[in-house]
Amino acid sequence: MTLLHKKHLLSAALVITSVFFTYKTIFKYGCDALSNSFICQLTILFAILVYSSVKPTRKFLASYLPLTFLYLLIPALGLLCGHKIPAHEYLASFMVGNFFYFSVLYLKLAPEKALTHHRVRLVISYICDVLYFAALLYALSFYLYFVANGGILQGDIILAIAQTNPREALTYLETSFSGTQLAVFSVALLAILTGGWFITRVFHRTYSKTDSNMNNQTSQQIITGRIFRTVSSLFIIFFMGVMSLGILVQSGKGYGCQAKQVLAFSCYMLRSYGDFVKNRDIALKNIQFSGAVSSGDQEKGVYVLIIGESATRNHLSLYGYKHDTTPRMRERISENKDNFRFISFRNAYSSFTHTVQSVTNALTNVNQYNGEDLSHAVSIIDIAGKAGFDTYWLSNQSGDSMIVTPLTAISMSADNIKFVSESHKGGKIFDLDILDIVPKKFNIEKDSLVIIHLMGSHTKYLDRFPEDFSRFFDEEDIINEYDNSIYYTDYVVDRFFQHFSANTNLKFFGYFSDHGADPRQMGNDHNTTHFVFDMVRIPFIVGFSEKYIQQNDTIVSTLSQRIDTCFTNDLIFDLMLSVMGLTSSNYYNSSYDLSSNSYSINMENARTLLGEKKISEDPDYGLNTK
């Protein structure tokens, strides 16, 4: 091997390694892990290396312009949605497109001179084609989402897609689009994929070979070509340098562009999900108790926590809604019968509009206020289990998704896990079917924590209740169906209470919804791109046995005085630790415990949308109805 070939081989190895670790950093930690200046410098470096290897041609423009201009125009979608878009966002988005293009292109070109094995070069070339196609599809996804939903693609939408399963995806398509719309959308998607494939083929053919005609050129042609390449290289370097300076000066901490933010958020959350699942054993070992573990009663009992789905309190008659959707809840709270005292909270909100993030925060020590990282979080189930509780997870929701979510890991950490779908023998499944998988007996020598996860008012609303629960007909169909699903949930929750109070030493019974919904936006009823506060206003009720109240009067009396206090459901964790007598845990924080005198959350500092929105912005804060 000649010295020249060794230098080429070393150069190719260094470039391939740098590109690999750059992309690894992006997808592991999100784009925010790379500073603006570093990304700009990398892009300029790749552009210099590319322009020193090939000369710009029309075919170069045919693969360069579609990709970079798709990224350039992504911020314009915000204008169509009525948002103000600063100029630096266009520059930043364009730079992201350039970064993808030139990094992939040089990764494709680097092995050309260094590697003599044709098949190896071909494999690398095709890998780069796939990367180019992926960058193209990522940009196109913003436009497809805008056409389909009329909003801007967000990172949480990417996560929602990853967290769904085929049944939920099919239901979403059925409720969001007509048959004609689906057909048109499918044809458009096919056309876009075909166009993307065609552009990728241009990219492949343009750079799959080195310039074989160089030896046949005259010295004048060679000099002219070199001058052209030099001038064009200087131009693009200057142009990108100006863009980089503009981005750095105007956008401050980060690229103010959607293309980077979506990727950064998605990568960060997916990494957190993976770390949470991977660190389960380590987290369990970190749980400690500084004192006695007791709720004040030597007699063991059962604590039941029911998690609803997509129920906005705006549609519960318990909170003043016109349709009597929750007659049983109203009756129990007003009469406190069956030796149980119920409390309803009027200003409860969800921390997010999607189930996985919302319920994960509700059941772990991670919330919007403490800055804790999900990677090393622990759940209520973990701490209860460590304290000697028997733990149960009973669900009418599917445990399947495209990725392993923290919610899946939380449920799987319970001692007893049952899903209705695994035992049901056919036909429609409703929430009351969970009663069939409730254990016949509980260990009376241990406390038990039972978490029940309902389907509640998840779309499609009509599928969430039996036909004989169709009670409301005076509004448009979608509102009637949603209200009927709430009415059925009221019945189901009451049946669960009857069962546990009659068959166990029930100490605590609670119900809250993972998030709300705006049923008028069917298909987007809890989509952050169409956010309204209906999507985070939730019902929250708790109940205590008379014996529990006698022994824990301070907890119950404090909660009774705070029915109008602002509360977000990511604080369920600390409240439940208090209720179960586990405040000696090293993960308990009284500042987030609604039953504590140290509770510090109020309307002014309460947040939703994972801390991005203030509850004080809710125009109907403090009102029971719209």
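The values are calculated or read from the model by the stated rules, or taken from the named source; none is laboratory data. This structure is a prediction, so every number in the text was calculated from the model and none was measured. Using ideal geometry, Cβ is built from the backbone for each residue, glycine included, and neighbour counts are taken over all protein chains shown. Please note that ligands, DNA and RNA were not included when accessible areas were found on the heavy atoms of the full protein model with its side chains. Shrake-Rupley method; radii C 1.70, N 1.55, O 1.52, S 1.80 Å.
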Asp390, sole failed condition from (1) surrounded by fewer than 17 Cβ atoms within 10 Å (Cβ to Cβ); (2) among the charged types (D, E, K, R); (3) under 25 Å from Asp574 (Cα atoms); (4) modelled with pLDDT of 90 or more:
(1)
Filter the range 581-590 for residues that are among the polar types (S, T, N, Q) and open to solvent by less than 40 Å² (accessible area, probe 1.4 Å); the one that is farthest from Thr558 (Cα to Cα) is Ser585
Quick one: which residue in Val404, Val366 is under 27 Å from Glu612 (Cα atoms) and surrounded by 24 or more Cβ atoms within 10 Å (Cβ to Cβ)?
Val366
Any residue at all in the range 326-336 that's more than 22 Å from Ile479 (Cα to Cα) and touching a residue at least 12 places away in the same chain (Cβ under 8 Å)?
yes
In the range 556-574, how many residues are crowded, with 24+ Cβ neighbours inside 10 Å and in contact with a Ser or Thr (Cβ under 8 Å, 6 or more places away or on another chain)?
5
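So that you can scan it fast, the table gives a plain yes or no per residue for (1) at pLDDT 95 or above; (2) more than 19 Å from the chain's Cα centre (by Cα):
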| residue | (1), (2) |
| --- | --- |
| Phe512 | yes, yes |
| His526 | no, no |
| Gly543 | yes, yes |
| Gln551 | no, yes |
| Ile555 | yes, yes |
Condition met for Tyr101 (at pLDDT below 75, surrounded by 17 or more Cβ atoms within 10 Å (Cβ to Cβ) and not acidic (Asp, Glu))
no
Based on what the data block shows, is Gly274 more than 25 Å from Phe509 (Cα to Cα) and outside any helix (DSSP H, G or I)?
no
I'm checking my understanding of the structure. Among residues of the range 331-358 that are in a helix (DSSP H, G or I) and touching a Pro at 6+ places or on another chain (Cβ under 9 Å), which one is nearest to Ile601 (Cα to Cα)?
Gln357
Output the qualifying pairs, or none if there are none: Cβ atoms under 7 angstrom, residues six or more apart or on different chains, first residue in the range 143-155 and without any contact (Cβ under 8 Å) to a residue 12 or more places away in the chain, second residue in a helix (DSSP H, G or I) and crowded, with 19+ Cβ neighbours inside 10 Å.
none
Subset of the range 169-191 that is in a helix (DSSP H, G or I) and open to solvent by less than 50 Å² (accessible area, probe 1.4 Å) - its residue that is modelled with the highest pLDDT:
Ala188
Among the residues of the range 519-554, what is the count of those that are in contact with a helix residue (DSSP H, G or I) (Cβ under 6 Å, 6 or more places away or on another chain) and either more than 30 Å from Arg464 (Cα to Cα) or assigned to a helix (DSSP H, G or I) (or both)?
6
Within the range 369-380, of all residues that are open to solvent by less than 10 Å² (accessible area, probe 1.4 Å) and assigned to a helix (DSSP H, G or I), the one modelled with the lowest pLDDT is Ser375
If we scan the range 527-534, do we find a residue that is open to solvent by 10 Å² or more (accessible area, probe 1.4 Å), among the charged types (D, E, K, R), more than 30 Å from Gly78 (Cβ to Cβ) and touching a Ser or Thr at 6+ places or on another chain (Cβ under 9 Å)?
no
Going residue by residue through the range 479-495, is there one that turns out to be buried (at least 23 other Cβ atoms within 10 Å of the Cβ) and touching a strand residue (DSSP E or B) at 6+ places or on another chain (Cβ under 7 Å)?
yes
Which of the residues spanning the range 307-325 are farther than 19 Å from Tyr349 by Cα and either without any contact (Cβ under 8 Å) to a residue 12 or more places away in the chain or open to solvent by 10 Å² or more (accessible area, probe 1.4 Å) (or both)?
Lys322, His323, Asp324
Just checking, does the range 584-598 include any residue being under 27 Å from Asn484 (Cα atoms) and at pLDDT 95 or above?
no
Check on Gln551, open to solvent by 30 Å² or more (accessible area, probe 1.4 Å) and either touching a strand residue (DSSP E or B) at 6+ places or on another chain (Cβ under 9 Å) or under 28 Å from Ile444 (Cα atoms) (or both)
yes
